[in-house]
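Notes for the one structure printed next.
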Amino acid sequence: FVVLTGRKQSYRPCENVATLPQDTFEIPADAWLGLDGEIVAVVHSHPRNEPYLSAADRKSQHQSELPWVLATSGEVKLFRYASLLRGRVFAYGTADCFTLVRDAFMLCGIEFRDHPRTDMDADAEAGSFEQNLPDGGFARVQDGLQAGDVVLTAQNGIANHAALYLGNGEMLHHAYDQLSRVEPYSKYWQRVTHSVWRHKQWRPEMLEAIKNDISVV
């Protein structure tokens, strides 16, 4: 654990009591309860050097609602807490389509800043997506759709929704007044597509991090 005591953070190692510690880890309950301070992060490693949180990691992180730190391949990666990508209740500014895209990329190791929202329709008319995606490291592309691309869709010519294309005809998105979900990139969504955006740091293998999350039930 990373534990906060007063204003000081410290690292507290724990025993792994899992039956197969080479494959997974289990922290004993008394380790969680027997600390003098506030647990502010969980630290773990991947012996086979997988660079992203596994499905089991994401399930446990969601239960703990804490940042998780991953030590792998000589690197230390911090994954802030974000709720699971599927099943979110829509709340503009805190749980909307841009929030979903941002959190999905965070799980892939790509962080970019959020942006303030005012009114959903007014923000769309002001070109919020087109202004903020470049700030996050995205560039508009016209060379076809690839897994990991962000698709903007439009109503009356105004880009008002963002979805993350997963490949194989599927997309992850969070529409107004609906739960976030994976669904087909259907003819309807293709017809209302406004533009396609690709992150400069994106690599195809990063999709595994998102798949790990959406596999959690």
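The values are calculated or read from the model by the stated rules, or taken from the named source; none is laboratory data. Worth saying up front: this structure is predicted, and the values here are computed from it rather than measured. Glycine also receives a Cβ, built like all others from the backbone with ideal geometry; neighbour counts cover every protein chain displayed. In case anyone asks, the SASA skips ligands and DNA or RNA and just uses the protein heavy atoms, side chains included. Shrake-Rupley method; radii C 1.70, N 1.55, O 1.52, S 1.80 Å.
What the table shows:
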read-out	value
Surface share of carbon and sulfur [accessible, 1.4 angstrom probe, percent] for the chain	51
Two-site label geometry, residue 81 and residue 130: point separation in nm, points 7 Å out along Cα→Cβ	3.9
Out-of-range pairs (alpha-carbon distance over 23 Å; input 8/59; 59/200; 77/200)	8/59; 59/200
Most to least packed among 77-83, 175-181 [average Cβ atoms within 10 Å]	77-83, 175-181
Degrees, to the nearest 10: 97-107 long Cα axis against longest axis of the chain	40
Extension gain, residue 217 back to residue 178 (0.36 nm per residue minus Cα-Cα distance, nm)	12.2 nm
Global form of the stretch 35-96, assessed from the alpha-carbon gyration tensor, a/c cut-off 1.5	oblate
Protection proxy ranking, peptides 25-37, 46-58, average beta carbon neighbours within 10 Å, highest first	46-58, 25-37
Among 110, 95, 202 the positive-end extreme of the charge dipole of the stretch 91-217 (Cβ point charges)	202
Relative contact order (percent, whole number), the chain, Cα cutoff 8 Å, 6+ residue spacing	19
Helix 55-64 vs. the chain, principal-axis angle (Cα, 0 to 90°, nearest 10)	80
Accessible area of the chain divided out per residue, in Å², using a probe of 1.4 angstrom	54
Relative contact order [Cα under 8 Å, 6+ residues apart], the stretch 62-113, whole percent	27
Separation of the residue 46 and residue 154 label points, Cα + 7 Å toward Cβ, nm	3.9
The stretch 128-217 - percent relative contact order, Cα under 8 Å, separation 6 or more	33
Karplus-derived HN-Hα couplings along the stretch 119-131 (A = 6.51, B = -1.76, C = 1.60, θ = phi - 60°), whole Hz, x at Gly and Pro	10, 4, 5, 5, 5, 5, 5, 7, x, 4, 5, 5, 7
Label-to-label distance, nm, for residues given as residue 170 and residue 32 (7 Å Cα→Cβ offset)	3.0
Listed residue (63, 156, 122) projecting farthest to the positive dipole end of the chain, Cβ model	156
Cα gyration tensor category, rounded, prolate or oblate, for the stretch 126-195 with a/c compared to 1.5	rounded
Helical contribution to [θ] at 222 nm, DSSP H n ≥ 4, -39,500 (n - 2.57), averaged over the chain, rounded to 500	-6500 deg cm²/dmol
Rounded, prolate or oblate (a/c below 1.5 giving rounded, otherwise prolate when a/b exceeds b/c) for the chain by Cα gyration tensor	prolate
Linear extension gain, residue 147 paired with residue 186, 0.36 nm per residue minus alpha-carbon span	12.5 nm
